[in-house]
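These notes are about the structure you will find just below.
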Amino acid sequence: MASQAIKRDLTTGPIGPALFQFAIPTLISSIVQSLQGSVNSIWVGRFLGENALAATSSANLVLFLTMSFVFGFGMAATILIGQASGRKDLDQVRRVFGTIVGSFFVIVAIVSALGWIFTPQLLGLLHMPPEAVAPALAYLRVIFLVLPPALTLAIITMTLRGTGDAMTPLWFMLGVVVIDCGLNPLLILGVGPFPRMGIAGSATATLVANLLALVVMVVAIYWRDMPIRLRGAELGYLRPDPALLKRIVAMGFPMGLQMIVLSLAGIAMVRLVNREGVDTAAAYGVALQLWTYVQMPAVAVSAAVSAMAAQNIGAGKWDRIGAITRSGILFNLAMTGGLVVLLAIADRPALALFLGGDSPALPIAQHIQLIVTWSFLLAGGTMVLFGTMRANGVVWVPLCVFAFTMLPLRLGIATFGRGVLGHDALWISFPISSVTSLALAIAFYRWGNWRKPRAPMMQRPSPEAAAEEALAAAEPEGRMTPGG
């Protein structure tokens, strides 16, 4: 059976239209994925109130952190599968798939068990408001049970994209969202034959959706005889190949570490915000949801820029790289800028979807939006620049930049700036860190040595794999999972 990898030629023709068309599928996937968390937050906020909403916001960031450790290695496996698919080496595709699933599923299961046991201690580290501790405990313990099926499903969808199949992951993502969002109100309120579970019902809906999707996905893989299916002697590939595992770790470590840095920054900010009380915590949780959508165009454009740049670098057409990057920055300015303006005009009705029109958290959320939201326009420019550099295998520079701007800079301002700025130091830290990240990205793009050929192990990824890498640059605000 031949490889099913599909490659789109992005090395010829007008750059702008091709870049825009390539960005649309990623944008749709981002919207669908984010709808899951946002709709569930609406159910929780409307039915259970601010305490429960604050609990889910903190719990989801904890989940994102635990998944991030493995997720970077999944992206590395996607790159290797994309390379093997391009060579039509089906056996290597299956070897890589077996190694990533066989090695990291065990790790995820252990992390899930430890997370369930130590949930109270995790919530203590977050300084949850006392009134939100009980719902957060009930919610997070079920969410830790979601971890093994959700991450396995994410790895499968990523590897499928590596083989060139973008539609199967999209359809299954749609299925997870529909089941999860549909079950949420039924299990929260106990409608009909369903038990009344409160906030635990929201997490249980997520668990059921991911389990069902994983089972159906495995059936579909064998029914359609997809490239990653393992049969007979190939099941032995689930025993990790040391050489492949070494390559996956070498490539995936910086990408996974970057996601962990972003997650730690998000969790630390939640911890600082939670000290301000449940209304501020709920307001911030809603702001996180809206920021997810504001970031979507930049994520999609960055992925498209990375994919297009990867093909042109591989073809030796360096004369097109600058134009690709400029087009990406212009698309980010137009699309992200439009969302920033729209949210500035309609922030109250957008926030009221989650909180209700008479919530005391509503004016706090409006104030946060006014200070922070515009900074995502700058963050989008950073993502586009790093998307171009990742196309040539540069992964350590983005990690170092984000490690500095998200941890010592942003958290330092939020913590120590209160003497001068008051509570607004929390929110002003966002635009300051975004300006710094963009300045450093511009400097390295113009004067850094990222254009030199990479080592053989860091071969240029396929367009699908490069798109996966670009997702690692987005902040985890409001996201249920890192992606996939």
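Annotations for the structure displayed:
- Any hit, segment 246-259, residues being of a type outside the set (D, E) and closer than 20 Å to K88 by Cα: yes
- In segment 1-42, the residues that are small (G, A, S), surrounded by fewer than 13 Cβ atoms within 10 Å (Cβ to Cβ) and at pLDDT 75 or above: G13
- Test: residue in segment 127-144 that is touching a residue at least 60 places away in the same chain (Cβ under 8 Å), out of contact with any Pro (no Cβ under 7 Å at 6 or more places or on another chain), surrounded by 24 or more Cβ atoms within 10 Å (Cβ to Cβ) and not in a helix (DSSP H, G or I): yes
- Total residues in segment 80-126, condition open to solvent by 40 Å² or more (accessible area, probe 1.4 Å), touching a residue at least 60 places away in the same chain (Cβ under 8 Å) and closer than 30 Å to G49 by Cα: 2
- Only one entry of L122, L126, L137 meets the criterion of being touching a Lys or Arg at 6+ places or on another chain (Cβ under 7 Å) and closer than 22 Å to V273 by Cβ, and that entry is L126.
- Check on M251, at pLDDT below 85 and open to solvent by 20 Å² or more (accessible area, probe 1.4 Å): no
- Residues of segment 20-58 that are among the small types (G, A, S), over 29 Å from M158 (Cα atoms) and assigned to a helix (DSSP H, G or I): G45, A52, A54, A55.
- Any helices (runs of 4 or more DSSP H) falling wholly within segment 321-430 and containing at least 1 residues that are in contact (Cβ under 8 Å) with a residue 24 or more places away in the chain, within 25 Å of the chain's Cα centre (by Cα) and crowded, with 18+ Cβ neighbours inside 10 Å: 321-345, 347-355, 361-372, 375-390, 396-404, 410-416
- Count of segment 345-365 residues which are touching a helix residue (DSSP H, G or I) at 6+ places or on another chain (Cβ under 6 Å) and not aliphatic (A, V, I, L, M): 3
- Top-ranked residue of segment 74-130 - restricted to ones that are among the small types (G, A, S) and over 20 Å from T157 (Cβ atoms), ranked as modelled with the highest pLDDT: A113
- Close Cβ contacts (under 6 Å, 6 or more residues apart or on different chains) running from residues in segment 230-255 that are β-branched (V, I, T) to residues that are in a helix (DSSP H, G or I) comprise I248/F73; I248/A76; I248/A77.
- Taking residues in segment 192-206 that are closer than 12 Å to R141 by Cα and in a loop (DSSP other than H, G, I, E, B), and partners anywhere that are at pLDDT below 85 and open to solvent by less than 70 Å² (accessible area, probe 1.4 Å), not one pair has Cβ atoms closer than 6 Å while being at least 6 places apart or on different chains.
- A55 meets each of the listed conditions (1) open to solvent by 20 Å² or more (accessible area, probe 1.4 Å); (2) over 17 Å from P148 (Cβ atoms); (3) at pLDDT below 75 apart from (1).
The values are calculated or read from the model by the stated rules, or taken from the named source; none is laboratory data. No experiment lies behind these values; they were computed from the predicted model shown. Positions of Cβ are backbone-derived with ideal geometry, glycine not excepted, and every protein chain shown enters the neighbour counts. Please note that ligands, DNA and RNA were not included when accessible areas were found on the heavy atoms of the full protein model with its side chains. Shrake-Rupley method; radii C 1.70, N 1.55, O 1.52, S 1.80 Å.
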